[in-house]
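Asks: One structure, pasted below without further comment.
Nothing in this text is a laboratory measurement; each read-out follows from the coordinates by a stated rule. This one's a predicted model, so the numbers in the text were calculated from it and none came from an experiment. When we count neighbours, we look across all protein chains shown, and the Cβ atoms used for this are built from the backbone with ideal geometry, even at glycine.
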Amino acid sequence: MKTYHMGDMKNGWFVGDFAPTAFRTSEAEVCFATHKAGENPQAHFHKEAPEITAVISGLIVMYNYTTHNIHMFGPGDIFVVEPNEIVEPIILRDTQVIVVKVPSLPKDKYYYDPDCT
């Protein structure tokens, strides 16, 4: 048995084809992330891999630049962001999520600036 600590991982990512990791694989990426209320992570998209998120606690508003829809997610909600779908999360309450990407493509994240379109 090998043991690890989340504090040693980068931004909560603990499975995937990157370092540090608790389990290296090119098949998937897994993250346990905590976000504070008021955080506004930058809008982004993935060109190749879908990103699946399960909300454990908290409240997230997700603006989808691709469809121009706004969604609200809370505990128990799961959402899948498809490749090339541009989304911007807004954290309304302290939030914990589990995120999975299939396959593991660490460089498949692109930031979007709506002011540059």
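Asks: Starting with the fewest neighbours, write out Phe45, Phe79 ranked by other beta-carbon atoms found within 10 Å of each beta-carbon.
Replies: Phe79, Phe45
Asks: In addition: Along the stretch 59-70, what does the Karplus equation 6.51 cos²θ - 1.76 cosθ + 1.60 (θ = phi - 60°) give for ³J(HN,Hα), rounded to whole Hz, x for Gly and Pro?
Replies: 8, 10, 9, 10, 8, 9, 5, 6, 9, 6, 9, 10
Asks: Pairs of Cα atoms under 8 Å, at least six residues apart: use those to get the relative contact order of the stretch 30-102, whole percent.
Replies: 51 percent
Asks: Could you name the lysines in cross-link range of Lys101, using Cα to Cα under 19 Å and dropping any fewer than eight places away on the same chain?
Replies: Of all the lysines, those that pass the test against Lys101 - Cα under 19 Å, at least 8 places apart if same chain - are Lys10, Lys47, Lys109.
Asks: Amide H neighbours of Leu59 under 5 Å, counting only residues 5+ apart in sequence or on other chains, H built in-plane at 1.01 Å?
Replies: Distant-sequence amide H within range of Leu59: Leu92, Arg93.
Asks: Right, next: Taking K and R as +1 and D and E as -1, what net charge do the other residues with C-beta under 10 Å from the C-beta of Pro103 add up to?
Replies: -4
Asks: Each residue of the stretch 82-88 in turn: what ³J(HN,Hα) in whole Hz from Karplus with 6.51, -1.76, 1.60 and θ = phi - 60°, glycine and Pro shown as x?
Replies: Result, ordered by residue: 7, x, 6, 8, 8, 10, 9 Hz.
Asks: Compute the signed sum of charges (Lys and Arg +1, Asp and Glu -1) over the other residues within less than 12 Å, Cβ to Cβ, of Phe23.
Replies: -1
Asks: Tyr63 versus Val80, label points 7 Å from Cα toward the beta carbon: distance in nm?
Replies: Each label point lies 7 Å from its Cα, and together they span 2.6 nm.
Asks: Magnitude of the Cβ-charge dipole of the chain, K/R +1 and D/E -1, about the Cα centre, nearest 20 debye?
Replies: Once rounded to the nearest 20, the dipole reads 360 debye.
Asks: If the convex hull of the alpha-carbon atoms of the stretch 30-102 is projected onto planes in all directions, what is the mean projected area in square nanometres?
Replies: Orientation-averaged projected area of the Cα hull: 4.1 nm².
Asks: For Thr25 and Met6 in one chain, what is 0.36 nm times their gap in residues minus the Cα-Cα distance, to one decimal in nm?
Replies: Value of the extension gain: 5.1 nm.
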